[in-house]
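Please treat every number below as a calculation from the coordinates, not as lab data. On a predicted model such as this, the values are computed, not experimentally measured, just so you know. A quick note on method: Cβ atoms are made from the backbone with ideal geometry, for glycine too, and the neighbour counts reach across all protein chains shown.
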Amino acid sequence: MSRDIYIYSSDTQASKQTLRKLRKKLDNLGFTLVEEPDKDTELIVIIGGDGTFLRAIHALDFPSTPLIGINTGHLGFFQEIMPDRLDDFIYNYTQGRYSLQPMQTVRAVIDHAGVSEEITGLNEIIIASADNFSHSVHFNISIGGSFIERFSGDGLLISTPAGSTAYNYSLGGSIVDPRLKLLQATPIAPMNTTAYRSFTSSILLPPDLTMSIVPDDLPLNRDITVAYDGISRHYDDIERVDVMLSDTTIQLMRFESYDFWTKVKSKFL
Ligand code: NAP
């Protein structure tokens, strides 16, 4: 029976070189490298940095096949393998010495111009001012159907545990262990004055609650950017955005040496 592997790679010299080496090693071991992944593909290898990892996940529409990343980028938080450790990776993989780490995703339902559109993010979904932050936005925020606050500022970022170490962290949000099932809503430049009152810290949401964001003072506040995992879309007619934990998960392959907090320490301290 053929053992099919799909490789997604960025275009950098380091990635191309790693791709060539990996192809040769997998060919020699009798694996088949397929052009497109399908239900028979046993593993998807992503060569690049976290940005490449995110692009691959979206291009492949959040595959259920196990994923492994080889880091030829800068940070490489999702990426498990360094390019000079290909033999260790292949040995551990063929010996079955690995576990699968499920990663939650976040989903938004965007109501605009009478239609509902859905997007999914692995790191985060951001709802923010559309004009490069030269004007503040004002949103009415409800959690689980209860009105909580009228938010004023640049916008809100709702991150998964996986995305907590990305833009969320730069905004002062907390790092969340991916074993926890929750969403974190982090304000972007919240205004907290006598004129406008907004929470200035992150809010943690349990898996069963939806955060609803309704632009205030329509139509003035309708010009909004929704960004997710480095992709952004502009809307000038948003009526409401509901953000919740998604049922979609991806499976990241981790080897015996993997420990989330050791990785956090090595990448951030
Ligand atoms: P980018 O702006 O070129 O890269 C942003 C940086 O974030 C890269 O160093 C990337 O790692 C790192 N990164 C991505 N996901 C991460 C994660 N889950 N944990 C830790 N670091 C992570 O954009 P990109 O490469 O297309 O990636 C899109 C992501 O960038 C967005 O999802 C957002 O979270 C993040 N971002 C961050 C800021 C900020 O921190 N101020 C601003 C905009 C966007 P690699 O070097 O390995 O690619």
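Data table
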item: Longest segment of the chain lacking GluC sites (Glu not before Pro) that sit in a DSSP loop with at most 16 other Cβ atoms within 10 Å; result: 36-255
item: DSSP-loop trypsin sites (Lys or Arg not before Pro) across the range 179-246, with at most 16 other Cβ within 10 angstrom; result: Arg179, Lys181, Arg197, Arg222
item: Long pairs among Lys21/Lys263; Lys24/Lys267; Lys16/Lys181, criterion Cα-Cα beyond 28 Å; result: Lys24/Lys267; Lys16/Lys181
item: R0 of 51 Å, Cβ-Cβ distance Met191-Leu29: FRET efficiency to nearest 0.05; result: 0.30
item: Label-to-label distance, nm, for residues given as Ser64 and Val109 (7 Å Cα→Cβ offset); result: 2.3
item: Rg and Dmax [Cα atoms of the range 138-178; Å; Rg one decimal, Dmax integer]; result: 12.1, 31
item: Rounded Å value of the spacing that divides the Cα centres of the range 85-155 and the range 8-58; result: 25
item: Shape of the range 46-105, Cα gyration tensor, a/c cut at 1.5; result: oblate
item: Lys, Arg +1 and Asp, Glu -1 on Cβ, resulting dipole of the chain about Cα centre, debye, nearest 20; result: 1040
item: P(r) of the range 204-269 over all Cα-Cα pairs, binned every 5 Å from zero, in whole percent; result: 3, 11, 13, 15, 16, 15, 9, 8, 6, 2, 1
item: q = 0.20, 0.21, 0.22 Å⁻¹: log10 I(q)/I(0) that the Debye formula gives for the range 13-150, counting C-alpha atoms only; result: -1.31, -1.43, -1.55
item: Highest-fluctuation residue, Arg55, Arg20, Arg254 considered, GNM on the chain with Cα pairs under 10 Å; result: Arg20
item: Estimated FRET transfer efficiency (Glu36, Ser146; beta-carbon r; R0 35 Å; 0.05); result: 0.15
item: Residue among Asn28, His112, Thr225 farthest towards the positive dipole end of the chain, charges placed on Cβ; result: Asn28
item: Bins of 5 Å, starting at 0 and running to the largest distance - Cα pair percent for the chain; result: 1, 6, 12, 16, 17, 14, 11, 9, 7, 5, 3, 1, 0, 0
item: Inter-label distance, nm, simple model (7 Å from Cα along the C-beta direction), Thr249/His135; result: 4.3
